[in-house]
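Enquirer: First the structure, which I've put down as structure tokens, then a few questions once you've had a look.
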Amino acid sequence: MLWTQPHPPTSFQALRLEMRVNADPGALITVLRNTVRHEEWLPQSREVRVLARSGPDDDLVYTRLASPWPVQDRELITRSHLSRRIDCGLTLEVWAEPNALPLHAGLFRIQESAGRWEALPQRDGSTLVRLETYTNPGNNLPGWLVNPIAIKAAVGSFKAIRRLMEAEPRVAATPGLLGRDPRCSAT
């Protein structure tokens with residue numbers, strides 16, 4: 001499912017997407033952190049690389065995004081923080097850190113972007129994946145042009161993420177200490 005919402009004062013829309021996936025919650029993080037396979041779920045990306053890991057739950061990531069002519073390619077530097085829930089759910093907060101690197105000539109640096117990924121286990125063994133995100137691509141691009149492209153890209157990425165998550169092996173469920181589900185430690 002896809003919802004859009006205006007994000008004043010800009011003309012760009014915030015997006016919320018949800019899907020049920022036949023995979024463990026940790027599969028989402030496995031897919032998102034596998035920068036070698038970024039083009040499989042983010043086909044408009046030319047490059048994705050981890051710049052720094054300040055701990056097992058915190059990443060600084062560089063992404064270069066292809067843009068159609070005559071628009072300059074975009075680059076985005078994001079910081080992310082992963083938090084775990086007692087029910088094995090996962091939340092990944094992502095926000096732009098545009099000043100983390102010097103500017104690259106010929107590229108436009110995205111200044112404003114934020115998102116929240118959630119992977120929530122369901123009673124039937126599936127995972128509800130939810131993404132709430134907003135990005136201002138900048139450089140005076142019109143919303144009427146950007147919004148349909150962003151929506152199409154987000155839906156395509158979600159479909160690819162589902163396929164990649166479902167290809168991940170599932171963790172066997174056995175009772176853990178104090179009733180905590182051992183799958184929680186799989187990420």
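The values are calculated or read from the model by the stated rules, or taken from the named source; none is laboratory data. Here the structure is a predicted model, which is why all the values come from computation and not from measurement. Using ideal geometry, Cβ is built from the backbone for each residue, glycine included, and neighbour counts are taken over all protein chains shown.
Enquirer: Could you check, for the stretch 58-72, whether at least one of its residues is assigned to a strand (DSSP E or B) and either modelled with pLDDT under 90 or closer than 30 Å to Asp124 by Cβ (or both)? Before you say what the answer is, go through the steps one by one.
Expert: Of all residues in the stretch 58-72, those assigned to a strand (DSSP E or B) come to 58-65.
Okay, now just the ones that are also either modelled with pLDDT under 90 or closer than 30 Å to Asp124 by Cβ (or both), so none.
Scanning the stretch 58-72 turns up no residue that is assigned to a strand (DSSP E or B) and either modelled with pLDDT under 90 or closer than 30 Å to Asp124 by Cβ (or both).
Enquirer: Name every residue in the stretch 1-22 that is part of a loop (DSSP other than H, G, I, E, B) and either touching an Asp or Glu at 6+ places or on another chain (Cβ under 7 Å) or not aromatic (Phe, Trp, Tyr) (or both), in order of residue number.
Expert: The answer is Met1, His7, Pro8, Pro9, Thr10, Ser11, Asn22.
Enquirer: Can you tell me which of Thr4, Thr35, Thr10 is over 21 Å from Leu145 (Cβ atoms) and surrounded by 13 or more Cβ atoms within 10 Å (Cβ to Cβ)? Walk me through how you get there before you give the answer.
Expert: Details: Thr4 fails: over 21 Å from Leu145 (Cβ atoms); Thr10 fails: over 21 Å from Leu145 (Cβ atoms).
Only one candidate qualifies: Thr35.
Enquirer: Please go through the stretch 77-97 and pick out each residue that is surrounded by fewer than 17 Cβ atoms within 10 Å (Cβ to Cβ) and within 10 Å of the chain's Cα centre (by Cα).
Expert: Within the stretch 77-97, Glu93 is the sole residue that qualifies.
Enquirer: Looking only at the stretch 141-155, filter to residues that are part of a helix (DSSP H, G or I) and aliphatic (A, V, I, L, M); which one of those is farthest from the chain's Cα centre (by Cα)?
Expert: Leu145
Enquirer: Still on this model: Considering only the stretch 36-57, state which residues are in a strand (DSSP E or B) and closer than 23 Å to Pro102 by Cβ. Working first, answer last.
Expert: The first filter runs over the stretch 36-57 and keeps only residues in a strand (DSSP E or B), leaving 45-55.
Residues satisfying the conditions are Ser45, Arg46, Glu47, Val48, Arg49, Val50, Leu51, Ala52, Arg53, Ser54.
Enquirer: Within the stretch 138-154, how many residues are loosely packed, with under 14 Cβ neighbours inside 10 Å, of a type outside the set (S, T, N, Q) and more than 17 Å from Pro8 (Cβ to Cβ)?
Expert: Qualifying residue count for the region: 3.
Enquirer: Something else about it: One residue is enough: does the stretch 86-99 have a residue meeting the conditions in a strand (DSSP E or B) and of a type in the set (Gly, Ala, Ser)?
Expert: Scanning the stretch 86-99, I find at least one residue that is in a strand (DSSP E or B) and of a type in the set (Gly, Ala, Ser), so the answer is yes.
Enquirer: Among the residues of the stretch 23-35, are any closer than 16 Å to Arg109 by Cβ, touching a residue at least 60 places away in the same chain (Cβ under 8 Å) and either in a strand (DSSP E or B) or out of contact with any Phe, Trp or Tyr (no Cβ under 6 Å at 6 or more places or on another chain) (or both)?
Expert: No, the stretch 23-35 contains no residue that is closer than 16 Å to Arg109 by Cβ, touching a residue at least 60 places away in the same chain (Cβ under 8 Å) and either in a strand (DSSP E or B) or out of contact with any Phe, Trp or Tyr (no Cβ under 6 Å at 6 or more places or on another chain) (or both).
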